[in-house]
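Quick notes on the structure that follows.
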Amino acid sequence: MKPNLPLLLILLFTLPHPAVAGPVARPNIVFILADDLGYGDTGPYGQKIIRTPTLDKLAREGMRFTQHYAGSPVCAPSRCVLLTGKHAGHAFVRDNHEIGTWYSFQGQMPLPATETTLAEPLREAGYATAAFGKWGLGGVGTPGDPLRHGFEHFFGFNDQRQAHNYYPHYLNDDAGQLPLPGNTNVSEKEGLSLPAGADPANPASYTNFSGQQYAPDLCNERAVQFIRDHRQQPFFLYYPTTVPHLALQVPEDSLAEYRGKLDDHPYPGGNGYLPHQYPHAAYAAMITRLDRDIGRLIQAVRDAGLEENTIFIFTSDNGGVFPLAGIDPAYFNSNGGLRGYKQDMYEGGIREPLIVSWKGHIPAGTTATRVTGFEDWFPTLLELAGSTNPQPKNLDGISFAPTLLGQTQPERPFLYREFHGVGGQQAIRSGDWKLVRRNLLGTRAKPAAPTTELYDLANDPVEAKNVAAENPAVLARLEALLREQHQPSPEFPIPALDQPPGRK
């Protein structure tokens, strides 16, 4: 019996079909940046206490990197490296530098208008661009405003000082503000005006430090809506969440997952930090809630029919914070056994988790040992996006798109880091050798007293033994690279490095 062709055509055009997005040649990009998350704070990197099922699955479906480096050991300069593709010896922002008084909320030193961010060439290539979370590179209306650097939309905290409170009075919404009624219990001064903080003997006193509208939830809702609104256009969704940066604050439904199940002792607050009755439970709950929110982004992409054309990236802006304000990195093994914390040039301060997934393109369940850094994302994502526009000539980044696609590529010659804060620091890695210089800044009362440390990461991943004396040739080669890669900065001077050799 021959098929009834007219009937088949009628059925073909009348039966319901699943909604699918139109064809998009260029991949969407969802870049998730955690805040102060340690190398070992998630399941794919050995975490045993905090549950991260979404990230566990993302790692199984994609590629996990073991030697990926943030741009700096603190927030603002790390984000500058990420977005401009320049390492901190060339980047404009090299430390957290606040404008105005601490509570004026004018933002950090703004990125100049002359700097090009990753969002700008992507937008020129037809991408919709938006950022949801913490910016930290310039206040509203300044040259560093994200709306002046390639982002069509921004929602969240322009000022990273305001982001120390998860229940703020408002969030920045493009050029305006979205008031958040119900968040009146926590002041804009992080509770500093409250005379006694919390009383460990009085559990009810801790209720003064929460609100009704949790900023990360609002940012997640906006990001999900952005995905839904851009099914027909490639998009770059930059998601720099504030989690798990202090203060310890999380809604009750997430806290309940861990409360009473961990060894906990109340943190009463003080020195500008908000208290919490269950600090261990709060820290774990914040990360698990972030994991849930990442799952919602992935589900939104899946619902839009874009899963096979979307690159998901997860990493952190710097290492986990040292013991502070209820944070207990030793309890969670937050730095994964690495030496140092946030503000350090040791591995625990700058080596970060990195998971990248792109269904059908990035080999699933793989691990990459290639040394990569934040500056590499600029050329990497432009290559994956198929951009044919010329890239800025002064980039320090090297595309690792071949590695992501399962191909081989030459080893990175070196990776340089510089930090103006905490006495002035430099670090450089070449192969398995790593050189760390500290105490580069000085004052009239206390002149600079630089120290030099050389580590063989292949045999000493925890940087326990300084082998500088035994390897003079390696030391000389790396010190020459340190001198070569540092460009003096009027905004962040380091006299010991800026002056010509022999001049004082």
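Residues that are crowded, with 21+ Cβ neighbours inside 10 Å, more than 20 Å from residue 244 (Cβ to Cβ) and assigned by TED's automatic domain parsing to the domain that holds residue 361: does region 283-299 have at least one? Looking for residues that are crowded, with 21+ Cβ neighbours inside 10 Å, more than 20 Å from residue 244 (Cβ to Cβ) and assigned by TED's automatic domain parsing to the domain that holds residue 361, one finds none in region 283-299, hence no. In region 424-459, the qualifying residues are those that are outside any loop (DSSP other than H, G, I, E, B) and among the hydroxyl-bearing types (Ser, Thr, Tyr), and the one that is farthest from residue 498 (Cα to Cα) is 455. Here residue 402 passes the criteria (1) in contact (Cβ under 8 Å) with a residue 12 or more places away in the chain; (2) outside any loop (DSSP other than H, G, I, E, B); (3) not hydroxyl-bearing (Ser, Thr, Tyr) except the one numbered (1).
Do the conditions hold for residue 147, that is, is it hydrophobic (A, V, I, L, M, F, W, C), assigned to a helix (DSSP H, G or I) and out of contact with any Leu (no Cβ under 8 Å at 6 or more places or on another chain)? It is true that residue 147 is hydrophobic (A, V, I, L, M, F, W, C), assigned to a helix (DSSP H, G or I) and out of contact with any Leu (no Cβ under 8 Å at 6 or more places or on another chain).
Test residue 458 against the criterion of being surrounded by fewer than 17 Cβ atoms within 10 Å (Cβ to Cβ) and more than 26 Å from residue 376 (Cα to Cα), and give yes or no. When the stated conditions are applied, residue 458 does not pass them.
Criterion applied to 37, 33 was being outside any loop (DSSP other than H, G, I, E, B), in the same structural domain as residue 237 (by TED's automatic domain parsing) and modelled with pLDDT of 70 or more, and the one residue passing it is 33. Any chance region 460-477 includes a residue that's of a type outside the set (Gly, Ala, Ser), in contact (Cβ under 8 Å) with a residue 60 or more places away in the chain and not in a loop (DSSP other than H, G, I, E, B)? No, because not a single residue in region 460-477 is of a type outside the set (Gly, Ala, Ser), in contact (Cβ under 8 Å) with a residue 60 or more places away in the chain and not in a loop (DSSP other than H, G, I, E, B).
Quick check on region 252-267. Is at least one of its residues touching a Pro at 6+ places or on another chain (Cβ under 6 Å) and at pLDDT 95 or above? The answer is no; no qualifying residue exists. If you check 354, 324, 404, 381 for being aliphatic (A, V, I, L, M) and modelled with pLDDT under 95, only one passes: 324. Could you say whether any residue in region 266-278 is within 23 Å of the chain's Cα centre (by Cα) and in contact (Cβ under 8 Å) with a residue 12 or more places away in the chain? Scanning region 266-278, I find at least one residue that is within 23 Å of the chain's Cα centre (by Cα) and in contact (Cβ under 8 Å) with a residue 12 or more places away in the chain, so the answer is yes.
The set of residues from region 284-332 being aliphatic (A, V, I, L, M), touching a Ser or Thr at 6+ places or on another chain (Cβ under 6 Å) and farther than 30 Å from residue 88 by Cα comprises 285, 301. One residue is enough: does region 379-394 have a residue meeting the conditions farther than 18 Å from residue 64 by Cα, surrounded by fewer than 21 Cβ atoms within 10 Å (Cβ to Cβ) and among the hydroxyl-bearing types (Ser, Thr, Tyr)? Yes: region 379-394 contains one or more residues that are farther than 18 Å from residue 64 by Cα, surrounded by fewer than 21 Cβ atoms within 10 Å (Cβ to Cβ) and among the hydroxyl-bearing types (Ser, Thr, Tyr). Looking only at residues that are of a type in the set (A, V, I, L, M, F, W, C) and assigned to a helix (DSSP H, G or I) in region 219-245, which one is surrounded by the fewest Cβ atoms within 10 Å (Cβ to Cβ)? By that ranking, first place goes to 224. Counting just the residues of region 333-369 that are polar (S, T, N, Q) and not in a loop (DSSP other than H, G, I, E, B), which one comes out surrounded by the most Cβ atoms within 10 Å (Cβ to Cβ)? Looking at the filtered set, the residue picked out is 357. Residues in region 280-316 that are within 17 Å of the chain's Cα centre (by Cα) and either at pLDDT below 95 or closer than 18 Å to residue 233 by Cα (or both): 3 in all.
I'd like the residue in region 398-435 that is surrounded by fewer than 23 Cβ atoms within 10 Å (Cβ to Cβ) and among the small types (Gly, Ala, Ser) and, out of all such residues, is farthest from residue 81 (Cα to Cα). Among those residues, the one meeting the criterion is 406. Of the residues 133, 139, the single one that is in contact with a Gly (Cβ under 6 Å, 6 or more places away or on another chain) and assigned to a strand (DSSP E or B) is 133. When residues in region 451-504 are screened for being over 28 Å from the mean Cα position of the chain (by Cα) and over 24 Å from residue 413 (Cβ atoms), 11 of them pass. Scanning region 87-130 for residues that are among the hydroxyl-bearing types (Ser, Thr, Tyr) and in contact (Cβ under 8 Å) with a residue 24 or more places away in the chain gives 103, 116, 117, 127, 129.
Residue-level check: of (1) under 17 Å from residue 209 (Cβ atoms); (2) touching an Asp or Glu at 6+ places or on another chain (Cβ under 8 Å); (3) buried (at least 22 other Cβ atoms within 10 Å of the Cβ); (4) not small (Gly, Ala, Ser), residue 268 misses just (3). Residues in region 370-397 that are more than 20 Å from the chain's Cα centre (by Cα) and either part of a loop (DSSP other than H, G, I, E, B) or closer than 11 Å to residue 85 by Cα (or both): 385, 386, 387, 388, 389, 390, 391, 392, 393, 394.
Against the conditions (1) assigned to a helix (DSSP H, G or I); (2) on the phi > 0 side of the Ramachandran plot, residue 78 satisfies every one except (2).
The values are calculated or read from the model by the stated rules, or taken from the named source; none is laboratory data. From a predicted model like this one, the values you see are computed outputs, not experimental measurements. Here the Cβ is made from the backbone with ideal geometry for all residues, glycine too, and neighbour counts use every protein chain on show.
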